[in-house]
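Structure record follows, encoded as structure tokens.
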Amino acid sequence: MKRFFFIIIILVLGSCTKDKRISQCFWKGETWQLSSVTVDDVTMLENTQWEINKCDIYDELCESVWISENGDVSNFNWQFNEKAKEFKLARVSKGDTICKSCNESDYYSHNFSGTYQVIKAKKKEMIFESETTVGYAGQKVRLVLQRKED
């Protein structure tokens with residue numbers, strides 16, 4: 001019986017550790033260039049980036065900024081789950097359901113909000129895929145991020 005509880009504790013700690021490790025790798029990058037954003041293999045965005053803010057994934061929602069090619073910004077929350085096999089992205093709403101003052105980045109962060117499968121999670125490159133985004137449900141969305149080096 002003790003052995004069973006020990007194994008359960010190790011599994012729980014192991015999953016937390018991987019989520020935290022990948023999250024730290026993500027926010028240590030500070031700025032990630034979205035080198036490719038496609039929907040059903042059609043390029044949707046170029047020259048946009050995410051500024052990832054440092055956060056404690058267990059104590060707060062991780063909030064970051066989506067910056068469009070023309071400099072518009074939008075806040076979004078992100079989180080790794082399921083032993084870093086899942087990535088969640090959600091636009092931080094400005095309170096209005098019909099956005100009258102939305103900019104280009106607000107539309108990006110809204111339409112690409114959803115739960116993604118983590119295809120690749122490395123120090124300098126991350127790839128996420130989803131078919132359940134808000135703006136492209138049922139279509140394959142692929143985000144390829146490259147860590148931006150200063």
* Asked: Between Glu149 and Glu30, 0.36 nm times their residue separation minus their Cα-Cα distance comes to what?
  -> 41.9 nm
* To do: Quickly rank 60-69, 107-116 as a protection proxy: mean count of other C-beta atoms within 10 Å, highest first.
  => 107-116, 60-69
* Cα gyration tensor shape for segment 53-136, rounded if a/c is under 1.5, else prolate or oblate -> prolate
* Asked: For Glu46 and Leu61 in the same chain, what is the full-extension length gain: residue separation times 0.36 nm, less their Cα-Cα distance, in nm?
  -> 2.7 nm
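Bear in mind these aren't lab numbers, they're just calculated from the coordinates by the rules spelled out. Since the model is a prediction, treat every value here as computed from it, not as a measurement. For neighbour counting, all protein chains shown are included, and Cβ atoms are generated from backbone atoms with ideal geometry for every residue, glycine included.
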